[in-house]
Amino acid sequence: MSFSGFIVQLINGLASASSLFLVAAGLSLIFGVTRIVNFAHGSFFMVGIYVAYSLVERLSGALGFWVALPLAALIVGVLGALIEVVLLRRIYKAPELFQLLATFALVLVIKDAVLWLWGPDELLGPRAPGLSGSVSLLGRQFPSYDLFLIVVGPLVLGAVWLLLTRTRFGTLVRAATQDREMVSALGVNQAWLFTAVFALGAMLAGLGGALQLPREPATLEMDLHTIGAAFVVVVVGGMGSIPGAYAAALLISEIKAICIWLGVVDVFGLSVSFSKLTLVVDFLVMAVVLVWRPWGLFGRPQAPSRYVGMQEEPLRRPGKAYLVAAAVLGLLLAAAPVLTAQSPYTTVLLIDLLIAALFAASLHFIMGPAGMHSFGHAAYFGLGAYGAALLVRSLGLPMELALVVAPLVAAAGAFVYGWFAVRLSGVYLAMLTLAFAQITWAITYQWDSFTGGSNGLTGVWPAAWLADKRMYYWLTLALVGAGVWWLRRVLFSPFGYALRAGRDSVLRADAIGIDVKRMQWAAFVVAGTAAGLAGALYAFSKGSISPESLSVGKSVDGLVMVLLGGIQTLAGPVVGAVTFTWLHDTVARNTDYWRAMLGAIILILVLLFPQGIAGPIKQIFDNMRDAKNTKEGTA
């Protein structure tokens with residue numbers, strides 16, 4: 001550690017902050033006006049660098065290089081406008097989480113489109129003409145291009161600020177950020193305003209990607225890596241605040257730079273690697289900011305939308321037809337290993353489907369009846385999986401006892417994380433759960449001596465009497481069935497009624513003496529326990545466990561399952577889990593472009609079934625029951 005190294009790292013942090021700000025500013029603008037949590041924003045960043053690469057190759061020379069970067073941003077802006085007009089305009093009145101599902105499907109489609117156009121290899125662009133060298137700072141060499149990036153960030157911030165504060169378009173955007181329904185009532189063409197804002201946001205993301213061309217290679221993983229960091233910046237800065245986005249990008253980038261400068265430091269006799277903290281420091285900052293200031297550093301509480309969405313119907317106890325159908329399904333599932341004896345893989349797939357169903361049902365428990373959106377539910381799945389693996393490997397517990405204790409490990413995690421999370425609501429609650437999940441992931445990823453680090457833990461096999469996959473399947477069927485039944489019983493208990501009362505109206509529930517926050521906290525623990533059981537079953541079914549089991553991707557899979565099946569029905573998460581897992585497995589085995597096909601299927605389902613797959617089925621049964629009741633009443 002030296003003073004010159006400290007200064008250089010701070011300057012390097014400024015360059016990183018500029019890149020991060022460009023993509024976060026677009027995301028913040030889009031959310032502020034349209035209220036869409038645009039999961040595909042990282043894809044615009046990725047497309048920006050790929051398009052810039054192709055343009056630089058075609059427009060040769062120094063002039064061609066510098067023309068290619070803004071041209072790539074314009075092309076991405078046009079792409080964003082097309083997506084908004086063709087797809088997003090049709091789902092603006094859908095619930096926010098359904099919009100999230102649609103943008104997630106876009107991520108899959110765009111990724112495979114890029115794979116098809118540019119191939120799987122990393123593409124490294126040329127150095128920037130005129131800025132390919134370095135300058136000497138305090139005896140150290142610093143890239144000239146990074147100094148250029150440091151200037152670009154404030155310039156774009158100033159340009160966007162002028163656009164928003166000195167033009168009629170900016171006035172409308174700021175008004176829509178505060179109250180978009182009122183802007184529409186004043187005669188403003190809301191559709192075209194949304195299109196323009198979406199295109200501007202996509203263009204900023206594309207510019208951020210294009211400017212990275214001389215710094216890093218273009219890869220297919222840039223979309224999800226970028227969107228996570230951008231979400232953190234937007235939330236820390238405050239949704240819809242452009243200066244907040246820049247301040248948050250600056251704060252996070254500088255903290256990361258200082259961590260790199262510190263390196264490994266002895267703290268009270270323990271060696272602490274601060275450089276490894278760069279994987280999680282942004283989520284640590286986000287967790288601290290959200291606990292201290294729930295609306296972000298520069299944000300303000302949002303005006304409630306006047307669109308209240310579809311009214312939730314009260315839960316009904318199952319009728320005879322439902323119970324008979326469930327019994328028949330249970331018998332078929334019990335007989336499945338015998339009926340598919342010639343196809344052992346079917347048994348393995350059925351185990352995966354059952355585990356996914358329990359994981360999705362546990363997430364639905366807090367998202368549907370409790371009304372709390374979680375982007376980090378994989379944390380409890382992973383805690384259960386790692387808990388089971390460590391109990392067997394480190395403590396030598398029998399597998400049967402580990403299956404009992406591991407869900408309690410996940411419940412303990414939910415107990416701690418839930419205490420903080422229930423103090424927030426909406427997107428901020430979702431982002432705090434994501435932060436906790438990422439912190440948990442980072443601990444398992446880097447604690448090599450305990451969790452096996454990035455390699456995970458192997459040799460986590462079930463007991464000898466469960467070595468036959470069919471026996472393990474029947475155990476999984478019994479435990480998953482018990483888990484789903486338990487969640488359902490809880491929903492029809494006084495606790496479940498109180499939980500739904502708090503979701504429907506916090507004020508009214510509080511007025512009749514319900515401690516809503518405590519109910520929600522308990523719901524976190526219940527859902528975490530069920531997710532932990534699913535994780536423990538997963539660990540023994542695969543024989544190993546890795547940090548992927550509690551990554552962002554796993555949490556997103558859970559969200560897709562719940563939303564695909566339908567959040568307003570109890571059977572929805574099970575239907576969604578089976579559909580998504582089966583589609584994922586089937587499509588991935590039949591085409592290299594499985595993401596695009598899966599994304600297209602999800603988009604079609606989103607447009608055709610806005611209540612999820614289980615919604616129309618439930619509506620048919622409800623209509624039949626109402627017709628029968630009416631007929632009996634008439635007679």
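Per-residue ellipticity at 222 nm for the chain, helices alone: DSSP H runs ≥ 4 residues times -39500 (n - 2.57), over residue total, nearest 500 deg cm²/dmol?
-24500 deg cm²/dmol
Give me the percent of accessible area attributable to carbon and sulfur for the chain, probe 1.4 angstrom.
Percent of accessible area from carbon and sulfur atoms in the chain: 67.
Could you tell me the extents of region 149-196's C-alpha atoms along the three principal axes, largest first, rounded to whole Å?
41, 18, 15
What would the Debye formula give as log10 I(q)/I(0) at q = 0.14, 0.17, 0.19, 0.29 Å⁻¹ for the alpha-carbon point model of region 190-251, no solvent?
For the requested q values the scattering log ratios are -0.50, -0.72, -0.87, -1.20.
Which order do ARG293, ARG489 take by accessible area at a 1.4 Å probe, largest first?
Output order, biggest surface exposure first: ARG489, ARG293.
Quick one: which of LYS111/LYS256; LYS469/LYS554; LYS256/LYS554; LYS320/LYS542 span more than 30 angstrom between C-alpha atoms?
Violating the 30 Å limit, Cα to Cα: LYS320/LYS542.
Per 5 Å bin, what is the whole-percent P(r) computed from every C-alpha pair distance within region 436-482?
5, 18, 15, 13, 10, 19, 18, 2
Based on alpha-carbon atoms only, what is the radius of gyration of region 66-146 relative to the globular estimate 2.2 N^0.38 Å?
Cα-based Rg divided by the globular estimate yields 1.65.
Can you give the percent of C-alpha pairs in region 184-287 whose distance is more than 16 Å?
71
Keeping every protein chain present and rolling a 1.4 Å probe, give me the accessible area per residue for the chain in Å².
44
Calculate, in nm to one decimal, what LEU401 and THR171 gain on full extension: separation in residues at 0.36 nm each, minus their alpha carbon distance.
76.5 nm
Quick one: dipole size for the chain, taken about the Cα centre, charges +1 on Lys/Arg Cβ and -1 on Asp/Glu Cβ, in debye to the nearest 20.
1300
Which whole number in µm²/s is D for region 1-109 by Stokes-Einstein, with the Kirkwood Rh taken over Cα pairs at 10 °C and 1.306 mPa s?
D = 99 µm²/s.
Over the alpha-carbon set of region 20-169, work out the extent along each principal axis and list the three values in angstrom, largest first.
Principal axes ranked by extent give 56, 41, 27 Å for the Cα atoms.
Just the number: Rg to Rh for the chain, Cα atoms, Kirkwood Rh, two decimals.
0.98
Give the accessible area for MET597 in Å² (nearest 10); use a 1.4 Å probe, count only protein heavy atoms, and leave out ligands, DNA and RNA.
Taking all protein chains as shown, MET597 has close to 100 Å².
Can you pull the semi-axes for region 390-525, root of five times each eigenvalue of the Cα gyration tensor, sorted largest first, whole Å?
34, 22, 11
Calculate the radius of gyration of the Cα atoms of region 501-542 to one decimal place, then report Dmax, the largest Cα-Cα distance, as a whole number, both in Å.
Cα-based Rg and Dmax for region 501-542 come out at 15.5, 49 Å.
Once Rh for region 409-462 is found with the Kirkwood sum over Cα pairs, what is the Stokes-Einstein diffusion coefficient at 20 °C and 1.002 mPa s, in µm²/s?
169
Return one number: the angle in degrees, 0 to 90 and rounded to the nearest 10, between the long axis of the Cα atoms of helix 242-262 and the longest principal axis of the Cα atoms of the chain.
Compared with the principal axis, the helix lies near 90 degrees.
Among CYS259, LEU395, PHE31, pick out the residue whose Cα is farthest towards the positive end of the charge dipole of the chain, where Lys and Arg carry +1 and Asp and Glu carry -1 on C-beta, about the Cα centre.
PHE31
How far is helix 494-504 tilted, in degrees, relative to the longest principal axis of the Cα atoms in the chain, given as a value from 0 to 90 rounded to the nearest 10?
40
Between 0 and 90 degrees, rounded to the nearest ten: what's the tilt of helix 320-339 against the longest Cα principal axis of the chain?
Around 80 degrees separate the two axes.
With an 8 Å Cα cut-off and a minimum separation of 6 or more residues, compute the relative contact order for region 163-270 in percent.
Once normalised by length, the contact order is 11 percent.
Which net charge results for the neighbourhood of VAL8, defined as the other residues with beta-carbon distances under 11 angstrom from its beta-carbon, given Lys and Arg at +1 and Asp and Glu at -1?
Spelling it out: positives minus negatives among the neighbours equals 0.
Roughly how many nanometres apart are two label points built 7 Å out from the Cα toward the Cβ at ALA478 and ALA191?
Distance between the two pseudo-spin positions: 5.9 nm.
With a sphere of radius 9 Å drawn around the Cβ of MET46, what net charge do the other residues whose Cβ falls strictly inside it have (Lys, Arg +1; Asp, Glu -1)?
After counting each charged neighbour, the total is -1.
Using only Cα positions of region 231-284, each an equal point scatterer, no hydration layer, compute I(q)/I(0) via Debye at q = 0.18, 0.19, 0.23 Å⁻¹ and quote the log10 values to two decimals.
The computed values of log10 I(q)/I(0) come out as -0.61, -0.65, -0.80.
The values are calculated or read from the model by the stated rules, or taken from the named source; none is laboratory data. Please read these numbers as outputs of a predicted model, since none were measured by experiment. Because the Cβ atoms are built from the backbone with ideal geometry, glycine has one as well, and the counts that use them run over all protein chains shown. Surface accessibility is based on the protein's heavy atoms, side chains included, excluding ligands, DNA and RNA. Shrake-Rupley method; radii C 1.70, N 1.55, O 1.52, S 1.80 Å.
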